[in-house]
Amino acid sequence: MTQYDREPCPFRIIEDCGGAFAMGALGGGAFQAIKGFRNAPSGIIHRLSGGLAAVRARSALVGGNFAVWGATFSAIDCTLIYYRKMEDPWNSIISGAATGGVLAARGGLTSMLSSALVGGVLLALIEGVGIMVSHYSADSYRQVSVVDRYELYKQHQTSLSPFGQEFAEVDPSSL
């Protein structure tokens, strides 16, 4: 399962860091706007300015946290690709677990292990869904041979028209 549209490994870290920052800043900005709107005093002007103030105060912080997670994940993923010499879903699962553990290291061993477990399980679910979707969608892109296509065509024609089953096929050379 190779991803051909991704940057090579050293540049992937910067790309993932920037993408994670943008995702965190936009998602955090939307969440903070709702939170600031709800917590502001009554009146539409006060609520809008409260939402805007919350976005300015917190969305960059949330984006920065996402960027740290994305850069750590991508650096561990690139390290695994380098040492294992293959790019497969196990790299992402191990990277998710290691990232969860590394980022929770200041909280102690219990926090580190629980965050590593959550990160590994979360990435395993994401990779599992990705594999399942690609497995089920691959059948629609499967190439069909000419013989199989003709057999499917004949089955389709006989199922549509019971009238055509009574007559033999016409040989074009006899015409």
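The values are calculated or read from the model by the stated rules, or taken from the named source; none is laboratory data. As the structure is a computational prediction, the values presented were derived from the model and not from experiment. Because the Cβ atoms are built from the backbone with ideal geometry, glycine has one as well, and the counts that use them run over all protein chains shown. To get the accessible areas, we keep the full protein, side chains included, count just its heavy atoms, and leave off ligands, DNA and RNA. Shrake-Rupley method; radii C 1.70, N 1.55, O 1.52, S 1.80 Å.
Roughly how many nanometres apart are two label points built 7 Å out from the Cα toward the Cβ at K154 and R6?
Those two pseudo-labels are separated by 4.6 nm.
On a 0 to 90 degree scale, rounded to 10, what angle separates helix 146-160 from the longest Cα axis of the chain?
The angle comes out near 80 degrees.
Describe numerically, in nm with one decimal, the distance between label points set 7 Å from Cα along Cα→Cβ at R56 and at V147.
For the pair R56/V147, the computed spacing is 7.3 nm.
Which percent of the accessible heavy-atom area of the chain goes to carbon and sulfur, probe 1.4 angstrom? Could you put the intermediate results ahead of the total?
Working: 8600 of 12800 Å².
The computed percentage sits at 67.
For the residue pair H46 and T110, what label-to-label distance in nm results when each label sits 7 Å from Cα along the Cα-to-beta-carbon direction?
Taking the simple label geometry, H46 and T110 are separated by 4.3 nm.
With a probe of 1.4 Å, find how much accessible area the chain has per residue, and write the answer as a whole number in Å².
Details: 12800 Å² over 175 residues.
Here the per-residue accessible area is 73 Å².
Give the angle, between 0 and 90 degrees and rounded to the nearest 10, that separates the Cα long axis of helix 9-39 from the longest principal axis of the Cα atoms of the chain.
Compared with the principal axis, the helix lies near 70 degrees.
Under 4.7 Å Cβ to Cβ, no partner at all: give me those cysteines from the chain, in residue order.
C17, each lacking another Cys Cβ under 4.7 Å.
So what are the chain's ellipsoid semi-axes, whole angstrom, largest first, if each one is the square root of 5 times an eigenvalue of the alpha-carbon gyration tensor? Mind showing how you got there, number by number?
Details: eigenvalues 555, 152, 45 Å².
Over the Cα atoms of the chain, the semi-axes work out to 53, 28, 15 Å.
Hey, what number do you get for the chain at 222 nm if only DSSP H runs of n ≥ 4 count, each worth -39500 (n - 2.57), divided across all residues, to the nearest 500? Could you put the intermediate results ahead of the total?
Values: 5 runs with 132 residues, N = 175.
When only DSSP H runs of four or more count, the value is -27000 deg cm²/dmol.
Going by alpha carbons, how many degrees (0 to 90, nearest 10) lie between the helix axis of 44-84 and the longest principal axis of the chain?
Result, in degrees: 70.
Roughly how far apart, in whole Å, are the Cα centres of segment 24-81 and segment 98-137?
Distance between centres, Cα-based: 22 Å.
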